[in-house]
Amino acid sequence: MLLADDLIATGGTAEAVVKPVESIGGDVVKCCVVIDLPDLGGRKRLEKHGHTEFVLCEFEGDRRRARPGGRPTSKYLSLDVRRFLAYRVRIADRRLNT
């Protein structure tokens, strides 16, 4: 199986798909995403479980404005990523309301 998604942040959604597939004997060959938010650790989370990933582009947070501990919160993501996420929410909202 090829897992494809538009965005990986913490890796929770991808992991929620991979675990059941593997539990019934399926084989996840590769995980592919359009956008990776590396500061949130999703890619590392999948790689830790042995899944390779293909990423089209990455957007890092602004470390100058990170919370204590050095890890940026979502409000410090680049403007392009915030616009993309807002677009995703609008699309999902339209699908729910149709």
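A few remarks follow.
- The residues listed here are L7, L56, L40, L2; of these, the one that is within 17 Å of F84 (Cα to Cα) and surrounded by fewer than 14 Cβ atoms within 10 Å (Cβ to Cβ) is L56.
- Identity of the residue in region 1-46, in a helix (DSSP H, G or I) and small (G, A, S), that ends up nearest to the chain's Cα centre (by Cα): G42
- Residues of region 24-37 satisfying the condition of being exposed (fewer than 15 other Cβ atoms within 10 Å of the Cβ) and of a type in the set (D, E): D27
- Any chance L46 is buried (at least 16 other Cβ atoms within 10 Å of the Cβ), out of contact with any His (no Cβ under 7 Å at 6 or more places or on another chain) and either in contact (Cβ under 8 Å) with a residue 40 or more places away in the chain or closer than 18 Å to F84 by Cβ (or both): no
- Check on C57, assigned to a strand (DSSP E or B) and at pLDDT 85 or above: no
- Matching residues, region 10-23, being surrounded by 14 or more Cβ atoms within 10 Å (Cβ to Cβ) and polar (S, T, N, Q): T13
The values are calculated or read from the model by the stated rules, or taken from the named source; none is laboratory data. Since this is a predicted model, take the numbers as computed values, not measurements. For neighbour counting, all protein chains shown are included, and Cβ atoms are generated from backbone atoms with ideal geometry for every residue, glycine included.
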